[in-house]
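The values are calculated or read from the model by the stated rules, or taken from the named source; none is laboratory data. Note that the structure is predicted; figures quoted are calculated from it, not measured. When we count neighbours, we look across all protein chains shown, and the Cβ atoms used for this are built from the backbone with ideal geometry, even at glycine. We work out accessible area using only protein heavy atoms, side chains counted, and drop any ligands, DNA or RNA first. Shrake-Rupley method; radii C 1.70, N 1.55, O 1.52, S 1.80 Å.
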Amino acid sequence: MIVFFCSVGISIFAFKKNYDSVKIIPYNTYGVVLGTSKYSNRDKKINFYFKSRIEAVEMLFKSKKIRYIIVSGDNRNKNYNEPEMMKEELIKRGIPYNFIYEDLYGINTINSIMMIYKNFHQKKFTIISQKFHNERAIFIGNCIGLDITGFNALGTSFNIKMYLREILARIKVFWDVIYFYWFY
């Protein structure tokens, strides 16, 4: 029952703030793309999630639905820097570097959201990731008093490993929100 509430409840909660279409998504000054590895672990090809998120950011920026981009992700390892990889890819696609900011502390969803609020002083912004990820981000943001809109990058077909990971992440969301209230 708890698993069902966590999973379905978060999806229902985020429904009206999560968009698939550039035409109808409202404008926000900042768009925040959540980090993922540029390359897949198995075959070292470009990661589908990375490619889809970059394409979604490019679409939003070029459609004037966001003005600035914050690339948020993990860079704890000297040879692995998600924000830098995303920024380089966006620049290759014609987005001027001075419209892209790096959040180097986005090691997970709640940290990304908190850093946008604390370091960039934003209470209202668009999150760019896959739908399942956006739903969690919108839920977290609302619980801590932020106004987050989601733009859904393309996802993949059903994957049992990803589905199970997401179920656990949705349960963990409640711990993240409690943690926020205790320590922030």
query: How much accessible area per residue does the chain have, in Å², with a 1.4 Å probe?
result: 56
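Would you tally the net charge around ILE148, using a Cβ to Cβ cut-off of less than 11 Å, leaving ILE148 out, and scoring K and R as +1, D and E as -1? Don't jump to the answer; show the numbers that get you there.
Numbers: positive: LYS17, LYS123, LYS124, ARG136; negative: GLU135, ASP147.
Local charge sum for ILE148: +2.
Cα-Cα over 30 Å: which of LYS44/LYS92; LYS87/LYS118; LYS123/LYS161?
Details: LYS44/LYS92 20 Å; LYS87/LYS118 21 Å; LYS123/LYS161 33 Å.
Listed pairs above 30 Å: LYS123/LYS161.
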Reachable aspartates and glutamates from LYS16, criterion Cα separation under 13 angstrom, eight or more residues apart if same chain: GLU135, ASP147
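Within the chain, which is the longest segment containing none of the trypsin sites (Lys or Arg not before Pro) that sit in a DSSP loop and have at most 14 other Cβ atoms within 10 Å? Walk me through the numbers on the way to the answer.
Working: sites that count: LYS23, ARG42, LYS44, LYS45, LYS64, ARG76, LYS78, ARG93, LYS123.
Here the longest segment lacking exposed loop sites spans 124-184.
For the chain, with all protein chains present and a 1.4 Å probe, just round the carbon and sulfur fraction of the accessible area to a whole percent.
Numbers: 6120 of 10380 Å².
The C+S portion of the solvent-accessible surface of the chain is 59 percent.
For the chain, what is the mean residue ellipticity at 222 nm derived from helices alone (per DSSP H run of n ≥ 4: -39500 (n - 2.57); sum divided by total residues; nearest 500 deg cm²/dmol)? Don't jump to the answer; show the numbers that get you there.
On the way: 6 runs with 88 residues, N = 184.
Using -39500 (n - 2.57) per qualifying helix, the result is -15500 deg cm²/dmol.
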query: Setting aside same-chain residues fewer than 8 positions from LYS131, which aspartates and glutamates have a Cα under 14 Å from its Cα?
result: ASP20, GLU166
field: Translational D in µm²/s for the chain (Stokes-Einstein at 10 °C, 1.306 mPa s, Kirkwood Rh from C-alpha pairs)
entry: 96
